[in-house]
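Report on the following structure.
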4 protein chains.
Amino acid sequence: MLKTPTIVLNVKTYDEAIWQKALEIARLMDKISKETYLSLAIAVQATDISLCAKNVSIPVFAEHIDPIKPGSHTGWTLPEAVKEAGAIGTLINHSEHRLKLADIDICITRAKELKLDHIVCSNNIATSKAIAAFSPNFIAVEPPELIGGDISVTTADPEIVSGSVDAVKIIDKKVKVLCGAGVKNGKDVAKAVELGSDGVLLASGIVKAKDKEKVIRDLASGL
Amino acid sequence: MLKTPTIVLNVKTYDEAIWQKALEIARLMDKISKETYLSLAIAVQATDISLCAKNVSIPVFAEHIDPIKPGSHTGWTLPEAVKEAGAIGTLINHSEHRLKLADIDICITRAKELKLDHIVCSNNIATSKAIAAFSPNFIAVEPPELIGGDISVTTADPEIVSGSVDAVKIIDKKVKVLCGAGVKNGKDVAKAVELGSDGVLLASGIVKAKDKEKVIRDLASGL
Amino acid sequence: MLKTPTIVLNVKTYDEAIWQKALEIARLMDKISKETYLSLAIAVQATDISLCAKNVSIPVFAEHIDPIKPGSHTGWTLPEAVKEAGAIGTLINHSEHRLKLADIDICITRAKELKLDHIVCSNNIATSKAIAAFSPNFIAVEPPELIGGDISVTTADPEIVSGSVDAVKIIDKKVKVLCGAGVKNGKDVAKAVELGSDGVLLASGIVKAKDKEKVIRDLASGL
Amino acid sequence: MLKTPTIVLNVKTYDEAIWQKALEIARLMDKISKETYLSLAIAVQATDISLCAKNVSIPVFAEHIDPIKPGSHTGWTLPEAVKEAGAIGTLINHSEHRLKLADIDICITRAKELKLDHIVCSNNIATSKAIAAFSPNFIAVEPPELIGGDISVTTADPEIVSGSVDAVKIIDKKVKVLCGAGVKNGKDVAKAVELGSDGVLLASGIVKAKDKEKVIRDLASGL
């Protein structure tokens, strides 16, 4: 399983992270991970999983899986397919890709069956606690109103991080908790860990940065 | 643009068509296409586009695109991403992945912007006619109740094929019409062409066949 | 069928138009319709249809129907149910309640079966044309970016109105076309009719007005 | 709050329970409730809430609310609107109307704000436990595969009932648990209570019965 503390980058469908550009970012993270022995991971579009997985050693995640088994599901994202393409895990229920409760249950079950690491996203303490009932590997709490913004969740709403950690651990101690939204630098990462989380999930902080290497190194310094 | 008449295989998320197994089917079609000079194409899962596109000469399609531009759309299928991975076209609005009307409009517009061929699926004559208003490359009419079944649409409901062709051509003569559902052999394909269509879209007929090569050759004989 | 030219008010789920407050607005429109012999109609929440329909003579519409028949569809809006409650028609595919293409087809078919008037909303010329393929009673074109705004579609984008009228009439002359978004006064209504439409669909222009009676009278003066 | 043990009837959108027919069923339940002093409640379509609430004394529920506040939400079900129409509570996340996790959170919060009783449906022990994290009034566990069937959940899968009760109570003792699916007679109801639940949620067992009064009396005998 993904080692913690960790920094997981979700490249979304940003223009700066399609295909070769996704690979370049993955390579940067791979290089820094090797140098620092820190746990860095990247979630990329389904189309780009195999390219990244083949060329880097850091864990490559899918950004999403659908609650399906092999069969007649044209155009949906099959858990088996992301695994075959090289993903070792997946995000589930990202703020931009919310799932029905019963489908979160199915996605987590499917991820466990296939031994895919899974980071299930929540939007507040109550939903973090609810998701903990499914005993996933990871829960990543991200207040939607802070996503893509300039203020880190660790500054804007530290209670949501510590509160989620507490709520989740009461339900199931083994579930690890990440946090995200607005995370930009090593100080934010350090604060996230200090608040009891096992790391951060972030996106624009790296993808939209001019000097990505510098930003990744700074973020990593906070672990 | 995809040459017609054509046979387009949609491998869906069938167990028999994930990753290397998708490539094997693509290679079979590639071989037969080269031998016969017939237009054969394959639509595969997003994860498998690059693998197939790199290794075969026949057109590789995505099974779906979402109505989005580059940005914050975690886990959705970006038109740019399927193109970068090697797809030359995409299915849109498949019966198993229906879209809202306004989103079909956006997907077709995005496909045109990116010069992606696009086969927009409909379920009856009225929806074929409605889709024709957007002047897509292709419309593929498939009665949902016949999909995956044993009786070809060309036998069970030939009027839906000829009726769709007529309705579409009244709106826009340049739009080509495919048909699908239950298509199994060369006779079905020949009948599809005889009914005025430009070819077929099919799935289980090939993917679930024991001797796939034999089935593809038989289907191709009907063009 | 709803007489034209017409003004159709959609009260949405505004705070100013729940239950008795919806009825008060309906009564105002009823009074003005009786005085002026003009065609005014109101679309209200499902919960409020019977209250309004029992107490006013103007046509009461549902704001939405779902693409279903009687059966196991807990919490969805059954066409039969809105009719039994007193609605004589319904909106379909409103900008805030978009439907899949195949479901628009089913909703229109169901409305016709039950002899419910139906106003199917579109967002541009292309979707207006697509919807015309189903030969509905009415199409109401509303550019989403102008809905709830201060500038009337008839001023901001008159071509979308005249263009939709033209596109729809080419497909089916019997389909009537309304327009909406930002409509605020009699001049906007007069312009809508001048552009070839059969009236307007509006919401906040009346519901959010301090002196609703004055606004309705002004709007009606434009017919 | 709804007294327990209770029998809650969800009439769905069945042909046998539209408008006057919904009222007739509500009146039967009302009569039997008055005679027996037992807690019986009915959930009806949005269109039919006011008719039923005005004419019976038993609690009338909505079948669904959407996760919205008053505003621009054409055709969606506003919690305020079902309350104004006379509902004292609502179902949330019924198996036929599943919601996203974040939206279940919002619906429960909105129901609490408006003091609407709320029965949140789950499909297994894990989802029951997850929903308990939101401390709703009621959770109703219903295995989807048994809904509308001939075998009661209390016979086919008693562990899902007792297991849900246990899982929910560990999270929050105040949350009451109902069960449903295939419940047909007083014996099923008695077994439900015996398994630790606070009553049943049922639909076709009453709505589709020829002699509804007899069935309701039999069911009530199990409380």
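So the values come out like this:
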{"item": "Pick from segment B:110-128, criterion more than 7 Å from every other protein chain (Cβ to nearest Cβ) and among the small types (Gly, Ala, Ser), ranking: nearest to residue B:11 (Cα to Cα)", "result": "B:122"}
{"item": "Close pairs (7 angstrom Cβ cut-off, 6 or more residues apart or separate chains): in a loop (DSSP other than H, G, I, E, B) in segment D:150-177, among the acidic types (Asp, Glu) and surrounded by 22 or more Cβ atoms within 10 Å (Cβ to Cβ) anywhere", "result": "D:152/D:188"}
{"item": "Residue that is of a type outside the set (D, E, K, R), at pLDDT 95 or above and in contact with a Lys or Arg (Cβ under 6 Å, 6 or more places away or on another chain), where the choices are B:74, B:127", "result": "B:74"}
{"item": "Count - residues of segment C:166-184 that are crowded, with 20+ Cβ neighbours inside 10 Å and either more than 15 Å from residue C:199 (Cα to Cα) or among the aliphatic types (A, V, I, L, M) (or both)", "result": "8"}
{"item": "Residue pairs meeting the criteria (Cβ under 6 Å; at least 6 apart or on separate chains; first closer than 17 Å to residue D:190 by Cβ, in segment D:204-223; second at pLDDT 95 or above and of a type in the set (Ser, Thr, Tyr))", "result": "D:220/D:36"}
{"item": "Looking only at segment B:45-67, and only at residues there that are without any contact (Cβ under 8 Å) to a residue 40 or more places away in the chain and either among the hydroxyl-bearing types (Ser, Thr, Tyr) or part of a loop (DSSP other than H, G, I, E, B) (or both), the one that is nearest to residue A:9 (Cα to Cα)", "result": "B:47"}
{"item": "All positions within segment B:130-146 that are hydrophobic (A, V, I, L, M, F, W, C) and either assigned to a strand (DSSP E or B) or at pLDDT 95 or above (or both)", "result": "B:130, B:131, B:132, B:133, B:134, B:138, B:139, B:140, B:141"}
{"item": "Output for segment C:11-41, where each listed residue is assigned to a loop (DSSP other than H, G, I, E, B) and either over 16 Å from the mean Cα position of the chain (by Cα) or farther than 13 Å from residue C:209 by Cβ (or both)", "result": "C:12, C:18, C:19, C:37, C:38"}
{"item": "Any pair with Cβ under 6 angstrom, 6 or more apart, that starts in segment A:5-21 at a residue that is at the interface with another protein chain (Cβ under 7 Å from one of its Cβ atoms) and without any contact (Cβ under 8 Å) to a residue 60 or more places away in the chain and ends at one that is part of a loop (DSSP other than H, G, I, E, B) and surrounded by fewer than 23 Cβ atoms within 10 Å (Cβ to Cβ)", "result": "A:13/B:70; A:13/B:73; A:15/B:70"}
{"item": "Matching residues, segment B:79-119, being surrounded by fewer than 24 Cβ atoms within 10 Å (Cβ to Cβ), touching a residue at least 40 places away in the same chain (Cβ under 8 Å) and in contact with a helix residue (DSSP H, G or I) (Cβ under 7 Å, 6 or more places away or on another chain)", "result": "B:95, B:110, B:116"}
{"item": "Sole exception among (1) at the interface with another protein chain (Cβ under 9 Å from one of its Cβ atoms); (2) over 30 Å from residue A:135 (Cβ atoms) for residue D:132, by number", "result": "(2)"}
{"item": "Failed condition for residue B:12, given (1) at negative phi; (2) crowded, with 17+ Cβ neighbours inside 10 Å", "result": "(1)"}
{"item": "Matching residues, segment B:74-109, being assigned to a loop (DSSP other than H, G, I, E, B), within 7 Å of another protein chain (Cβ to nearest Cβ) and farther than 18 Å from residue A:63 by Cα", "result": "B:93, B:94, B:96, B:97, B:98, B:99"}
{"item": "Segment C:203-223, residues that are over 17 Å from the mean Cα position of the chain (by Cα), outside any helix (DSSP H, G or I) and aliphatic (A, V, I, L, M)", "result": "C:209"}
{"item": "Any hit, segment B:30-48, residues being surrounded by fewer than 19 Cβ atoms within 10 Å (Cβ to Cβ), small (Gly, Ala, Ser) and either within 23 Å of residue B:148 (Cβ to Cβ) or away from chain A (no Cβ under 13 Å) (or both)", "result": "no"}
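For every residue, the table says whether it meets (1) within 14 Å of the chain's Cα centre (by Cα); (2) acidic (Asp, Glu); (3) closer than 15 Å to residue B:29 by Cα; (4) at pLDDT below 95.
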site: B:162; (1), (2), (3), (4): no, no, no, no
site: B:194; (1), (2), (3), (4): no, yes, no, no
site: B:197; (1), (2), (3), (4): yes, no, no, no
site: B:201; (1), (2), (3), (4): yes, no, yes, no
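The values are calculated or read from the model by the stated rules, or taken from the named source; none is laboratory data. All of these numbers come straight from a predicted model, not from anything done at the bench. Note that we place each Cβ from the backbone using ideal geometry, even for glycine, and neighbour counts take in every protein chain shown.
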